[in-house]
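Structure first, then comments.
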Amino acid sequence: MKKLAVAVFLEKLARHLALLACLAIVAKASGWTDPSQASILLLIALATAAHWCGRASSGIRR
């Protein structure tokens, strides 16, 4: 049960990080703010890692 809760948390975290990365890209394109490319890449890498760890810990295979 605890393992499943951690998996769900990691997948939710991945979604939120991916949303932040998308918002950073849109903000950069509109000129509203200027996040660095490294910060956008870091958000995407963290989202990918959180999603991968969540899938691995839940035991779901596709």
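The values are calculated or read from the model by the stated rules, or taken from the named source; none is laboratory data. Since this is a predicted model, take the numbers as computed values, not measurements. Using ideal geometry, Cβ is built from the backbone for each residue, glycine included, and neighbour counts are taken over all protein chains shown. Ligands, DNA and RNA are excluded from the accessible area calculation, which covers all protein heavy atoms including side chains. Shrake-Rupley method; radii C 1.70, N 1.55, O 1.52, S 1.80 Å.
Only residues in the range 27-46 that are touching a residue at least 24 places away in the same chain (Cβ under 8 Å) count as the first member; pair them with residues that are open to solvent by less than 70 Å² (accessible area, probe 1.4 Å) and part of a helix (DSSP H, G or I), Cβ under 6 angstrom, at least 6 apart or cross-chain, and list the lot.
Leu43/Leu17; Leu43/Ala21; Ile44/Ala21; Leu46/Leu17
Output the residues belonging to the range 2-25 that are touching a residue at least 24 places away in the same chain (Cβ under 8 Å), aliphatic (A, V, I, L, M) and under 16 Å from Ala56 (Cα atoms).
Leu4, Val6, Ala7, Val8, Leu10, Leu13, Ala14, listed by residue number.
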